[in-house]
Amino acid sequence: MTVLEAQNLTKTYAIGDRQIPVLGDVSFSVSAGEFLVVAGASGSGKTTLLTLLSGLDRPTAGSVWIEGTDITHLSEDELAPFRNETMGFVFQSFHLVPSLNALENVMFPAELRKDPDAPKKAASLMERVGLSDRRDNFPHQLSGGEKQRVALCRALINDPRIIFADEPTGNLDSENSAAILKLMLDLREERGATLVMVTHSPEIAATADRTITLTDGRITGEQRHAA
Ligand SMILES: Nc1ncnc2c1ncn2[C@@H]1O[C@H](COP(=O)(O)OP(=O)(O)O)[C@@H](O)[C@H]1O
Ligand SMILES: [Mg+2]
């Protein structure tokens, strides 16, 4: 079953009167439960592609279908709850809210949808990633690896069908990278979620089901990995 489909995605940024083409005619689909890696050199359009797939920005042309919904035609008011309930996000630089403690950061997406079980779910996820004793700490009191574990809990609290991760281990040392990656893969499997991850790491790509490679905003390679 296809959960995510990019159809002829094109993105052009306008800077003054200059048009900068960043993605051109990108099409592919992702199956339920698949782990897809997006690879490519810096500047090749990976982050732009993820922002379009996740509805954080809109394409210049083309469309994104998620579980049968064309998100490019949703209004902002429809898109925000759709994203919150369907997708989780993990970023290279964590993007935690500095004024909220770890538990509050994790609960945030669940509170947006007024989930009465938000505190319970958040506590249970934090236990799962080994951060039970860090609940009351604020982001500045946490190491990079701890921050990314908090961000991972936040990404998972609404039990999203799709997890987007943009170089999630890019700011971590090799030990923390390996730990975060293992957690992401284990949690994805436990929950049966689809994972779309931008990464430069060949080791991570080797654990994926499939890698697509971008060059100058176009798909120039696709590789399936043996199970
Ligand atoms: N908001 C923006 N305005 C103008 N150009 C942008 C913007 N965001 C990204 N770009 C340009 O688009 C290209 C692709 O960027 P990006 O998607 O961040 O690549 P990657 O994640 O693969 O490094 C780069 O040349 C970048 O400078
Ligand atoms: Mg990027």
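Let me know the charge dipole size of the chain about its Cα centre in debye, to the nearest 20, where only the beta-carbon of Lys, Arg (+1) and Asp, Glu (-1) is charged.
Charge dipole of the chain: 140 debye, to the nearest 20.
Quick check on the chain: what are the equivalent-ellipsoid semi-axes from the Cα gyration tensor, as sqrt(5λ), descending, whole Å?
Semi-axis lengths for the chain are 28, 20, 17 Å.
Could you work out how much longer the chain between Glu111 and Lys182 gets when fully extended? Use 0.36 nm per residue separation minus the Cα distance between them, nm to one decimal.
Fully extending the segment from Glu111 to Lys182 adds 22.8 nm.
Report the charge-dipole magnitude of region 22-116 in Debye, nearest 20, computed about the Cα centre from +1 at each Lys and Arg Cβ and -1 at each Asp and Glu Cβ.
For region 22-116, the charge dipole is close to 260 debye.
Could you state the principal axis extents of the C-alpha atoms in region 1-65, from the largest down, to the nearest angstrom?
Here the Cα extents, ordered largest to smallest, are 42, 24, 19 Å.
Which of Ser31, Met1, Thr12 sits farthest toward the positive end of the charge dipole of region 1-71, with +1 on the Cβ of Lys and Arg and -1 on the Cβ of Asp and Glu?
Most positive-ward Cα: Thr12.
Find the relative contact order for region 89-227 and round it to a whole percent, using C-alpha pairs within less than 8 Å whose residues are 6+ positions apart.
Dividing the mean separation by the residue count of region 89-227 yields 25 percent.
Which is the longest stretch in the chain that no exposed loop site breaks, taking sites as trypsin sites (Lys or Arg not before Pro) with a DSSP loop state and at most 12 other Cβ atoms within 10 Å?
Here the longest run is 115-227.
Name the long-range amide H neighbours of Gly88: under 5 Å, sequence gap of 5 or more, or other chain; modelled H, no Pro or chain starts.
So Gly88 has HN proximity to Ile162, Ile163, Phe164.
Report the one residue of Ala80, Thr207, Ala61 whose Cα lies farthest in the direction of the positive end of the charge dipole of the chain (charges on C-beta: Lys and Arg +1, Asp and Glu -1; origin at the Cα centre).
The residue sitting farthest along the positive end of the dipole is Thr207.
For a footprinting-style exposure proxy, rank Met126, Met1, Met107, Met197 by other Cβ within 10 Å, fewest first.
Ascending Cβ contact count within 10 Å gives the list Met1, Met126, Met107, Met197.
Counting only the backbone N, which residues of region 95-110 are under 17 Å from the spot 7 Å out from the Cα of Phe138 toward its beta-carbon?
Flagged as within label range: 95-106.
Taking only Cα atoms, what is the 0 to 90° angle, nearest 10, from helix 174-191's long axis to the longest principal axis of the chain?
Tilt relative to the chain: about 90 degrees.
Could you give the nm distance between label points at Leu100 and Gln19, where each point is 7 Å from its Cα heading toward the beta carbon?
3.9 nm
Quick one: length gained pulling Glu127 to Thr215 fully straight, 0.36 nm per residue minus the C-alpha distance?
That works out to 27.7 nm of additional length.
Taking only DSSP H segments of four or more residues, each worth -39500 (n - 2.57), what value at 222 nm results for the chain once the sum is divided by all its residues, to the nearest 500 deg cm²/dmol?
Taking each H run of at least 4 residues, the total per residue is -10500 deg cm²/dmol.
Taken together, the values in this text are just the output of simple stated rules run on the coordinates, not laboratory data. The model shown is predicted, which means the values in this text are computed figures rather than measured ones. Positions of Cβ are generated from backbone atoms using ideal geometry, with glycine treated the same way; all protein chains shown enter the neighbour counts.
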